[in-house]
Amino acid sequence: MRLPAPSTTRQQLLCAATLGLIFLSAPFPWVQAILHTTLVLALAPRPGKPLPAALWAVAAGWVVEGTLRLYPHMGGTAWADLTLTLLAGGLASRWPLEDLRTWLGRLALLSLLHILLLHGAVRLAAGPHPWGWSWLGVLLSLPLWGWATWRLLHGAQPGRR
Amino acid sequence: MPVRASRWRWNRAGWERLALVLLWLGHGTWVLLGTNPGRHWTRAAGLLSRPSQGLATRWEAWRSSRREAGRTLTTLRAENERLAAELGQLKLAEAKEAPRRVDADAAVHLLGLKQQIPLELKAARVIFTTRPATFGGLILDRGQDLGLVPDQGVLAPEGIVGRLWSVGPTQAKVLPVDAPNASVGVMLMRSRATGVLQGLGSGQAQIRYVSNQEVVQVGEAVLTSGLDRVFPRGLLVGYVAAVVKGELELRVTVNLSAPLDRLGLVLVLPTQPPLEVQPPFVAPDEKPQRKKGTP
């Protein structure tokens, strides 16, 4: 059963709120990393609308790097976010969502890819850098933020878990 | 076959797709540039400017080599001038030293002659010559002040010169051997024939009173015989230049060996020298006696 896409206004408002939270959660890297992944992989992608999703992803990447103020050459996070958001949007267009389990599995796969691509892109742009454990927090908390985004995007509709 | 219209149009979706591509490519390029993206431009500029830099380097090297060559040429010219000046100074010094060197050589020869003849010889310098004039002679710088008297023989290392004709207080006049009024008792070295040498002028003389029966060869040495009591026996006079048979005697022409025109230093023999003069006996170095038992 194919699920209807969430309303554009609702999705844009959620993206804007998450982007603000990313900016505000700069003192807490784990929280910022989870919010960043949530925005890039779960909230921003929308089937058939790649440009707004790409802009949100790019904004999220630049906000993260700008608030970190660690890298000598920024842009790697934004590029990885852009790529993964486009990939997620493409997946959503090709294989529409059916239930929460599929959603979580797809998010897990995209999170792994996002972690690897993010590391590589930042290494390319800024050179070797310390790699913390926030990626592990993102993966461990995936059921939580995955379920939360599912609920926020698609709401509590009958027949959906 | 009808031409199909392209499906790509500049509609909203196309612009969005282009914006996406540019966004992704721009970010990717920016990431690939990495830290200090200007280094890529620097490297590209360096790569592109390498030919012109090579040309500029060669041009500068050529100019520098030309400058160096010019500097070397200037240095060489200056050195050449300095060496030429030094050469001129050396030639001048050599010209100044030449007479002294000639005198030194003559003195060395005279010293050798003096050691060969064990007589009390006195040295004098020829200060003037009047040989081109009739009955001309040589003027010595010493006279009675050195104890010279007339009829003393005068020698040079190459041969006999003549005899003292007149002696003044500080000068003496020499009658050379080639003067027409000079006569010296001589003998031929090989045939041992004796005769009287009379001057012919111009460094030549003639031997008189040699028997027609004697065999005289051209090139034979002519020595003093000692019979005139002016020169001892055995001093070199000259060499036979020509031999002509006469009715009674041989006419032997002799080239005198002493260079009468360019004499510097001469030796004066004592009066009435002995007939025979033996060279001084020099004892050979004694060999060190070997002691018994030593190898």
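The values are calculated or read from the model by the stated rules, or taken from the named source; none is laboratory data. It should be emphasised that the depicted structure is a prediction, and the values quoted were computed from it without experimental measurement. Note: ideal-geometry Cβ built from the backbone for every residue, glycine included; neighbour counts use all protein chains shown.
List every residue pair whose Cβ atoms sit under 7 Å apart, with the two residues 6 or more apart in sequence or on different chains, where the first one lies in region B:113-125 and is touching a residue at least 60 places away in the same chain (Cβ under 8 Å) and more than 18 Å from residue B:230 (Cβ to Cβ) and the second, anywhere, is among the acidic types (Asp, Glu) and surrounded by 13 or more Cβ atoms within 10 Å (Cβ to Cβ).
Going by the 7 Å Cβ cut-off, the qualifying pairs are B:125/B:141.
Considering A:62, A:79, which residue is buried (at least 20 other Cβ atoms within 10 Å of the Cβ) and within 14 Å of chain B (Cβ to nearest Cβ)?
A:79
Looking only at residues that are surrounded by 13 or more Cβ atoms within 10 Å (Cβ to Cβ) and either of a type in the set (Phe, Trp, Tyr) or modelled with pLDDT of 85 or more (or both) in region A:128-138, which one is nearest to residue A:102 (Cα to Cα)?
The selected residue is A:138.
How many residues does region B:228-263 contain that are part of a loop (DSSP other than H, G, I, E, B) and buried (at least 16 other Cβ atoms within 10 Å of the Cβ)?
10
For residue A:70, only one of the following conditions fails: (1) part of a helix (DSSP H, G or I); (2) closer than 21 Å to residue A:21 by Cα; (3) within 14 Å of chain B (Cβ to nearest Cβ). What is its number?
Here residue A:70 meets the rest and fails (1).
Pull out all pairs, ordered by first then second residue, where Cβ-Cβ is under 6 Å, the residues are six or more apart or on different chains, the first lies in region B:156-172 and is on the phi > 0 side of the Ramachandran plot, and the second is outside any loop (DSSP other than H, G, I, E, B).
Close Cβ pairs (under 6 Å, with a partner that is outside any loop (DSSP other than H, G, I, E, B)) amount to B:159/B:236; B:159/B:237; B:162/B:154; B:162/B:174; B:162/B:175; B:162/B:176.
Just checking, does region A:46-66 include any residue being in contact with a Cys (Cβ under 6 Å, 6 or more places away or on another chain) and among the hydrophobic types (A, V, I, L, M, F, W, C)?
First, pick out the residues of region A:46-66 that are in contact with a Cys (Cβ under 6 Å, 6 or more places away or on another chain): A:56.
From what's left, among the hydrophobic types (A, V, I, L, M, F, W, C): A:56.
Yes: one or more hits.
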